[in-house]
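Just so it is clear, none of the values below were taken in a lab; they were calculated from the coordinates. Keep in mind that this is a model prediction, so the values were computed, not measured. Cβ: placed from backbone, ideal geometry, glycine included. Neighbour counts: every protein chain shown.
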Amino acid sequence: MSEKTVFLTGFPGFLTRHLVRRLAKSKDRRFVFLIQEHLRGKAEEALNDQERRTKGFKERARLVSGDITKGPSLDLSGEDMETAKEAQEVWHFAAIYDLSIDRSVAYRVNVVGTANVLDFCENLESLRVINYISTCYVAGNREGRIFEEELDLGQGFKNHYESTKCWAEMEVRRRMDRLPVTVFRPGIVVGDSRTGETDKYDGPYYLVRGLLRLPSFIPIPFVGEGAALVNLVPVDYTIDAMNAISEDPHAVGLTFQLADPNPHTAREILQEMARLTGHRMLPLQIPQGLVSGVSGIKQIEELLQIPKETIVYFDHKAIFDTTNVDKFLEDKTIVCPDFMSYLPILVDYVRKNPQKGFLDGRKY
């Protein structure tokens, strides 16, 4: 059995590490991880963790220092470049995910960095596939049903993360005629549906942590109409779906929205979060605009510890179509679990692990 060399960016980030757990089960793969040098210690810890899970893994793994913002060479040394150029399979995860990031930084990493990775891939003689990790939120402020093949429809964006990921995906699509690319668009990824494990508390976790901090006798009002469907997916489903789809050569050239096909409304989610944290809901509705405005005041944001950039995602009236995903997974046992079925596990994980921050600490 011939070995396959896999080149990954974004290590030791949350999604990348979970993907490696899945890929490491295949004994015919060798791994080359592009890391920023200041993250070497954390990357070594991640390799050691995977070695405990899969004996002999470290013998098949190599860390190479580089930077996706430093041109098509990715700032790789000569020896590391020769190792990386053996790649047949590329997974491009590296990106700025911070919703409040400055435009210039987001553009440099998400757009220029992706273009550099694509330039690098054009020189890989044995390349079979590039798996590019985008996001459902390239849809920006569009509402209604969002289809997988849609991208640039003149939409506006809620933040620079969305706009730069959209521009990056546009560059990816522009090169599909000469590069074998598969695009994955995850929704809002939360912890493992079986264990609750996660690296960081953002998105819906801000609400869970806020509710856990408040005394249980304080009732919770509804925010806005609460009718918008919230696109939440667990990391285990996201990774299993990515892995299964990536194995199919017919996936090349297509886009896959890894969203919950049966999402719940913001009202339903908040009501269940309140119940699980011991709160009762008030029959009182606070206008969404008022909450967004008030949460933008620094002192109130520090008190609630819920960034205003997060709140808008609970009032985004979009439905993400999953036709391609459904087709490619129809013969598999991979199914997105109902959010309510594993929300108690997520809440319990936060209770037991109250202090979780961002893992990576990347510098750009």
About the Cα centre, charge dipole magnitude for the chain (Lys/Arg +1, Asp/Glu -1 at Cβ), debye:
880 debye
Burial order of peptide ranges 317-323, 25-31 (average beta-carbon count within 10 Å, highest first)
317-323, 25-31
Pseudo-spin-label distance residue 332 to residue 59, built 7 Å along Cα→Cβ, given in nm, is 3.0 nm
Quick one: which residues, 5+ away or cross-chain, put their amide H under 5 Å from the amide H of residue 62? H built at 1.01 Å from N.
31, 32, 33
Going by alpha carbons, how many degrees (0 to 90, nearest 10) lie between the helix axis of 266-276 and the longest principal axis of the chain?
80 degrees
Acute angle (nearest 10 degrees) that the helix 204-213 long axis makes with the longest principal axis of the chain, alpha-carbon atoms
50 degrees
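With a cut-off of 8 Å between alpha carbons and a minimum separation of six or more residues, what is the relative contact order of region 53-187 in percent? List each step's numbers first, then the result.
Numbers: 186 pairs, mean separation 38.0, N = 135.
Once divided by the residue count of region 53-187, the mean separation gives 28 percent.
Please state the relative contact order of the chain as a whole percent: Cα pairs under 8 Å, 6+ residues apart?
After rounding, I find 19 percent.
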Which angle from 0 to 90°, rounded to the nearest 10, does the C-alpha axis of helix 339-352 make with the longest principal axis of the chain?
90 degrees
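Provide 217, 328, 7 in ascending order of the number of other Cβ atoms located within 10 Å of each residue's Cβ, fewest first.
217, 328, 7
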Distance between modelled label sites at residue 213 and residue 194, nm, 7 Å Cα→Cβ extension:
3.3 nm
So for R0 = 25 Å, FRET eff. of residue 123-residue 3 from the Cβ-Cβ r, to 0.05, ends up at 0.75
Take the Cα of residue 22, step 7 Å along the line toward its Cβ, and report every residue of region 201-241 whose backbone nitrogen sits under 18 Å from that point.
232-241
Residue by residue through region 27-35, which ³J(HN,Hα) values in whole Hz follow from phi under the Karplus form 6.51 cos²θ - 1.76 cosθ + 1.60 (θ = phi - 60°), with glycine and proline marked x?
6, 9, 10, 10, 10, 10, 9, 7, 10
Under the helix-only model (-39500 (n - 2.57) for each DSSP H run of 4 or more, divided by the residues of the chain), the mean residue ellipticity at 222 nm, to 500 deg cm²/dmol, is -10500 deg cm²/dmol
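Sorted by average packing, counted as other Cβ atoms within 10 angstrom per residue and highest first, what order do 107-113, 138-144 take?
Ranking, from highest mean packing down: 107-113, 138-144.
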Of 345, 245, how do they rank once you tally other Cβ atoms within 10 Å and put the fewest first?
345, 245
Within-12-Å neighbourhood charge of residue 179 [Cβ basis; K, R +1; D, E -1]:
+1
Straight-line reach only, C-alpha to C-alpha below 25 angstrom: list the lysines that residue 58 could link to, leaving out same-chain residues fewer than 8 apart.
4, 25, 27, 42, 85
What number in nm² do you get for region 121-182 if you take the convex hull of its Cα atoms and divide its surface by four?
4.6 nm²
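Quick one: length gained pulling residue 340 to residue 48 fully straight, 0.36 nm per residue minus the C-alpha distance?
101.7 nm
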Under the 7 Å Cα-to-Cβ spin-label approximation, residue 147 and residue 82 lie apart by a distance in nanometres of 5.0 nm
Divide, for region 104-263, the radius of gyration over alpha carbons by 2.2 N^0.38 Å, where N is the residue count.
1.19
Dipole of region 89-159, positive end: most advanced residue of 151, 101, 124 [Cβ charges, Cα centre]
101
Taking the structure as given and computing semi-axes √(5λ) of the Cα gyration tensor in Å, which label from (1) 35, 22, 20; (2) 52, 38, 18; (3) 32, 26, 21 fits?
(1)
